[in-house]
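The block underneath contains the structure these notes are about, expressed in structure tokens.
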Amino acid sequence: MPEQSQTFIKVAGWEDLNIVHGFGTASFKADFDVEDEQLRENLKHASVEFAAEEAMLQNHGKFETLITVKQIHSRNLLQISRFDLSLPASERIRCDGIICDRPGVLIGIKTADCFPILLFDPEACVTAALHSGWRGTLHRIASHGVGRMAAAFGARPKRIKAAIGPGIGPCCYEVDEYLAAEFRKTFGEETIAKSRNGGVSLDLTTAIKKDLLSAGLSEENIVTLNFCTACSKEHEFDSWRRDRSHTCRLLSVIGIPREKKQTA
């Protein structure tokens with residue numbers, strides 16, 4: 001097997017923030033042409049483990065661990081505080097977002113068409129990673145995450161920087177009329193579009209951005225990457241809509257590096 005390396009897309013303008021972050025691409029190559037369903041499931045987890053190891057290697061010494069959760073398309077959130085005596089084990093908590101102000105802990109979200117959202121308040125020094133598919137978007141996980149950052153960690157919406165990562169675009173995300181009507185009612189007509197095939201589709205990026213704005217974020221602090229995971233030619237992504245069960249998972253990460261120890 002040729003040597004593989006993980007590429008993480010960085011947000012322009014975040015270079016001077018005291019964080020490590022990145023939206024994962026499909027660097028892990030797996031052969032899904034197998035009949036064993038459990039083996040295919042293991043390959044999906046292997047892609048995340050590979051990306052997690054690469055993220056830690058690329059930031060050697062800055063983090064003690066990387067934590068992910070068992071995602072369930074909810075708006076439930078895991079909070080990790082610098083005052084916690086112990087850290088939760090990865091994949092043990094069922095939820096769809098992590099909020100953390102603890103230096104040395106990298107937090108991650110897995111996607112394969114759903115949208116990863118990364119948040120950071122540079123003054124409160126708190127980060128969040130959220131998983132937002134159509135269910136999470138309708139549940140307003142973005143604004144819910146902002147509210148929890150403010151209530152539990154002292155963040156202020158006007159200070160929060162947000163990045164909406166790669167996800168399936170309106171060019172490829174056809175839905176039925178019922179779901180389109182739910183989004184039209186919740187987020188407005190601008191979240192409904194036509195796909196490249198002429199069908200009704202959703203613009204989840206616009207819906208998520210509107211939810212963040214409703215939570216008090218400044219428009220200039222919201223970055224949208226606008227890469228479609230199903231058809232992007234600029235980067236290679238994993239896409240469940242395109243590949244169904246034959247797809248891995250992308251890992252997006254954010255965290256505050258731990259302080260360097262002073263040497264005598």
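Taking the criterion of being of a type outside the set (Val, Ile, Thr), in contact (Cβ under 8 Å) with a residue 60 or more places away in the chain, closer than 26 Å to Ser218 by Cβ and in a loop (DSSP other than H, G, I, E, B), would at least one residue in segment 180-192 satisfy it?
Looking through segment 180-192, none of the residues is of a type outside the set (Val, Ile, Thr), in contact (Cβ under 8 Å) with a residue 60 or more places away in the chain, closer than 26 Å to Ser218 by Cβ and in a loop (DSSP other than H, G, I, E, B).
Would you be able to say whether some residue in segment 107-116 is closer than 30 Å to Tyr178 by Cβ and either over 12 Å from the mean Cα position of the chain (by Cα) or surrounded by fewer than 22 Cβ atoms within 10 Å (Cβ to Cβ) (or both)?
The answer is no, given that none of the residues of segment 107-116 is closer than 30 Å to Tyr178 by Cβ and either over 12 Å from the mean Cα position of the chain (by Cα) or surrounded by fewer than 22 Cβ atoms within 10 Å (Cβ to Cβ) (or both).
Does any residue of segment 30-53 turn out to be out of contact with any Cys (no Cβ under 9 Å at 6 or more places or on another chain), within 19 Å of Ile254 (Cβ to Cβ), at pLDDT 85 or above and surrounded by fewer than 18 Cβ atoms within 10 Å (Cβ to Cβ)?
yes
Of the residues in segment 1-29, how many are under 29 Å from Val105 (Cβ atoms) and either hydrophobic (A, V, I, L, M, F, W, C) or modelled with pLDDT of 85 or more (or both)?
20
Does at least one position in segment 178-187 carry a residue that is at pLDDT 95 or above and in contact with a Cys (Cβ under 8 Å, 6 or more places away or on another chain)?
no
What do you reckon, is Phe153 buried (at least 17 other Cβ atoms within 10 Å of the Cβ) and among the aromatic types (Phe, Trp, Tyr)?
yes
Run down Thr205, Thr127 and say which single residue is in contact with a Phe, Trp or Tyr (Cβ under 8 Å, 6 or more places away or on another chain), in contact (Cβ under 8 Å) with a residue 24 or more places away in the chain, of a type in the set (S, T, N, Q) and outside any strand (DSSP E or B).
From the options Thr205, Thr127, the qualifying one is Thr205.
Show the residue pairs that are 6+ apart or on different chains and have beta-carbon atoms under 9 Å apart, the first residue being within segment 46-74 and in contact (Cβ under 8 Å) with a residue 40 or more places away in the chain and at positive phi, the second being in a helix (DSSP H, G or I) and of a type in the set (D, E, K, R).
His73/Arg135
The values are calculated or read from the model by the stated rules, or taken from the named source; none is laboratory data. Computed from a predicted model, the values in this text were never measured in an experiment. Here the Cβ is made from the backbone with ideal geometry for all residues, glycine too, and neighbour counts use every protein chain on show.
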